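What follows draws every value from the coordinates through simple rules; no lab data is involved. Quick caveat, the model's predicted, so the values are computed rather than measured. In this analysis, Cβ positions are derived from the backbone assuming ideal geometry, glycine residues included, and neighbour counts consider all displayed protein chains.
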Amino acid sequence: MKRIEFGELIIGEVARKNLMNVCDTNWASGGPKVKQLEADWSELFDYTKSIAMSSGTDGCTNACLSLYDIKNAERNVSEVIVPALSFIATSNAVRAAGLIPKFVDCKKETLNIDETKIEEAINENTVAIMPVHTMGRMSQMDVISDIASRHGLIVIEDACEAHGAKFKDKFVGHWGHMSVYSFYVAHLVCCGEGGMVSTNNQDIANLLASTRSHGRPHDSIYFDHQRVGMNSKMNDLEASIGLEAIGVFWDTFWTRHAFMKTMRESCRGYEDVAWFSEEDEGNINCPHGFSITCKKEGDIEIVKETLDKYNIHHKRNFGSIPTQHLAFRDMGYILGDFPEAEWIGNNGVHIGCHQYLSDDDIKRICTAMVEALDECRTSAKEE
């Protein structure tokens, strides 16, 4: 039985032609393909400007670096509010930029930051809020945007898993001052490696173009460095692969979205056992992955064992960054500080819903999930 992977990359004919074109021109660093990728991505979602990056992580780091100019941030003093649960890149980026991540607990039913707890985390050192749209489900951006506006804060949407998502009929990236995307394998747009930061503010775009290139002015390649920056530039080889994905973006999106809906429907009636990836009425999730978070301690082992039996790749639901990962142990948090995020980390997994899945793959995934949920329910009755 072939393993069902979380995600796959298949390089098609368009990408192959693009790659050969780059090889023929001998322009392997950032060039015309990168510029085309930036323009096509902006056009797809009506952003004013998009700045290509070497990864989504670098996108988040450069977004944070821009805060030194936008908010006069102070190194090792200024704070960025982030969810306690996310892929670690979000929090790593804040620290890499010399700022302090201020963690806020999440909601088990959404995996996203608990917007009702954000305001109490704001203090005189807060410069930005960075909500993460986990598994493609957008955070409560109307509430978050209002809080940021009232406190004069910048909003950076970590939309690495949320390509094309909508909240209250507005595309991701149009709620915050800038939004960050990852083009890693398993994401809707994949360059192999790569990322993008989009904004509707030209001044912010100029800052991002500067920080991604060692702090040079956005329109210069010479040795005039105006701010601390990085080498975060994408190259034309990566952009060549991404251009193919952008060209078929909506076909890919709705194929994956249908898979995600089928998975959710297969779990209908098991809401007493677990929380699942949900699409709220009026919103559209990006079909990045499908999440199961068990409501009873220990049930996740049944889910994982069943998925393993059916040879289905699954991943832990990240865990609480400040309390369940050694990387942040120096910040002084202890287990129990973020109970919701910790529960999700201990009792949740997610699986892929990528566009290369076959009908048989989807059936196998749904069969495995139902079998696992049935066993969880049975074990609860026997106790």
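Assorted remarks:
- The magnitude of the dipole of the stretch 104-236, with charges of +1 and -1 set on the Cβ of Lys/Arg and Asp/Glu and taken from the Cα centre, is near 220 debye.
- Whether the stretch 197-281 is rounded, prolate or oblate, judged on the alpha carbon gyration tensor where a/c under 1.5 counts as rounded: prolate
- Qualifying aspartates and glutamates (Cα of each under 19 Å from Cα of K381; at least 8 residues distant if same chain): E271, D272, E297, D299, E301, E371
- Each DSSP beta bridge with both residues in the chain is either parallel or antiparallel, and the antiparallel ones are about 65%.
- Bridging of K107 to lysines at a Cα separation below 21 Å is possible for K117, K166, K168, K295, K296, K315, once same-chain residues fewer than 8 apart are set aside.
- Oblate is the label for the stretch 146-258, because a/c, from the alpha-carbon gyration tensor with a ≥ b ≥ c as root eigenvalues, is 1.5 or above and a/b does not exceed b/c.
- Summing Cβ point charges (Lys, Arg +1; Asp, Glu -1) relative to the Cα centre of the chain gives a dipole of roughly 700 debye.
- Separation of alpha-carbon centers, the stretch 64-119 and the stretch 174-236, rounded to whole Å: 19 Å
- Global form of the chain, assessed from the alpha-carbon gyration tensor, a/c cut-off 1.5: oblate
- MRE, 222 nm, helices only [DSSP H, n ≥ 4, -39500 (n - 2.57), over the chain, to nearest 500]: -12000 deg cm²/dmol
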